[in-house]
Structure formats: C-alpha cells, structure tokens
1. Please find, in a Gaussian network model of the chain (springs between Cα atoms separated by less than 10 Å), the residue of GLY128, GLY68, GLY118 whose mean-square fluctuation is greatest.
2. Can you list residues whose amide H is under 5 Å from MET70's amide H, if they're 5+ apart or on another chain and H is modeled 1.01 Å from N?
3. How far apart, in nanometres, would the label points at VAL35 and LEU50 be if each is projected 7 angstrom from Cα along the Cα-to-Cβ direction?
4. Quickly estimate the mean residue ellipticity at 222 nm for the chain, helices only: each DSSP H run with n ≥ 4 gives -39500 (n - 2.57), and the total goes over all residues, rounded to 500.
5. Could you work out the pair-distance distribution P(r) of segment 70-146 from its alpha-carbon pairs, with 10 angstrom bin width and percents rounded to whole numbers?
6. Please identify the DSSP H helices in the chain that span no less than 18 Å along the helix axis (Cα) and have a mean Kyte-Doolittle hydropathy of 0.0 or more.
7. Looking at ILE117, GLY76, LEU14, which one has the Cα that reaches farthest to the positive end of the dipole of the chain (charges on Cβ: Lys, Arg +1; Asp, Glu -1)?
8. What is the dipole size for the chain, taken about its Cα centre, with +1 at each Lys and Arg Cβ and -1 at each Asp and Glu Cβ, in debye to the nearest 20?
Amino acid sequence: MDMTSLLLLVFAALGIISSNTPVTVAMVFLLLLRVLNVNQAFPWLEKYGLTLGIIILTIGVMAPLASGKMSLQTIGESFLHWKSLLAIGVGLLVAYLGGRGASLMSTQPTVVAGLLIGTVLGVALFKGVPVGPLIAAGILSLLLGKS
C-alpha cells in the first residue's frame with residue numbers, strides 16, 4: 001500500500017474514532033477513487049471541489065430563506081439587534097479572511113498540506129466542521145503579511 005492511501009486510511013480512522021461522518025466519508029471517497037484508479041477525477045476535484053463545496057454549503061445556509069422559515073422581516077430585524085450586527089461584522093471578516101486564504105493557497109501551495117492536515121485533525125479530534133482551510137489560510141496570510 002502506498003503512503004498516500006495509508007494517510008487517507010489514517011484520516012478515515014480518525015473520522016471513525018471521533019464519530020465525524022464528513023471526514024470519514026470524504027477520506028473513503030478519495031481512497032475509493034485511488035483504488036478504482038479514477039485518477040482523472042483528482043485534477044477536476046482540485047480545480048472545482050472547493051467551489052462545489054462552497055455552493056453546497058451556501059445552499060444549506062440559504063435553505064431556511066428559500067423554504068420560508070426565515071422571513072424578510074427577520075432579515076430586516078438583523079440590522080436592529082446588536083448580536084445580529086455583530087454577526088454581520090463577523091461574517092464580513094470571515095469572508096475577507098476566506099478571500100485572503102484562497103489567494104494564499106493558490107500563490108503558496110507549500111502551506112496547503114499543513115492547513116489541510118490541521119483542518120482534518122481539528123475536525124476529527126475536536127468535532128469541528130471542515131470549512132477551516134480557507135479561514136486558516138486567511139489568518140496565516142495576516143500573520144505572514146501576505147495579501
């Protein structure tokens with residue numbers, strides 16, 4: 001067994017041990033692509049996987065609005081309460097950091113491995129959510145002074 005497959009198995013095991021289904025499913029999916037020798041999928045996933053994931057995440061976040069569970073009045077009231085205003089500010093900061101992170105990841109691919117390993121470990125060990133690489137890269141870009 002090659003080292004890449006072994007690493008994917010270790011991350012899948014971390015997902016199982018920590019009862020984190022998203023990590024387990026993602027690692028098993030990638031391992032299956034390797035085992036089935038569907039190598040042409042990897043460049044596509046590397047190029048469009050992040051965008052596809054953000055689209056799916058956005059659909060999930062916006063579903064309450066689309067289903068009518070969140071009214072226009074509720075959205076309007078967001079601008080009247082300090083917690084909602086703080087949430088808007090944090091949302092702006094996270095979007096900014098994500099943009100910086102995407103830029104850093106494309107210009108300095110050497111940091112990608114560390115960010116991915118840290119994110120997967122954070123998801124597996126601390127029951128986090130795997131949306132961290134972009135934000136982590138954004139914070140790293142602030143620390144490194146890169147825009």
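1. Of GLY128, GLY68, GLY118, the most mobile in the Gaussian network model is GLY68.
2. Close amide H contacts, sequence-distant or interchain: LEU65.
3. Calculated label separation equals 2.9 nm.
4. Working: 7 runs with 117 residues, N = 147.
Value at 222 nm, helices only: -26500 deg cm²/dmol.
5. P(r) over segment 70-146, rounded to whole percents: 19, 36, 26, 17, 2.
6. On the way: long enough: 3-17 (21 Å, 2.57); 21-35 (20 Å, 2.07); 41-67 (35 Å, 1.30); 82-107 (37 Å, 1.05); 112-126 (20 Å, 2.45).
Long hydrophobic helices here: 3-17, 21-35, 41-67, 82-107, 112-126.
7. It is GLY76.
8. Working: 7 positive and 3 negative charges, 30 e Å.
In debye, rounded to 20, the chain gives about 140.
No value in this document is a laboratory result; all are computed from the given coordinates. Keep in mind the model is a prediction, meaning the values are calculated, not measured. Note: ideal-geometry Cβ built from the backbone for every residue, glycine included; neighbour counts use all protein chains shown.
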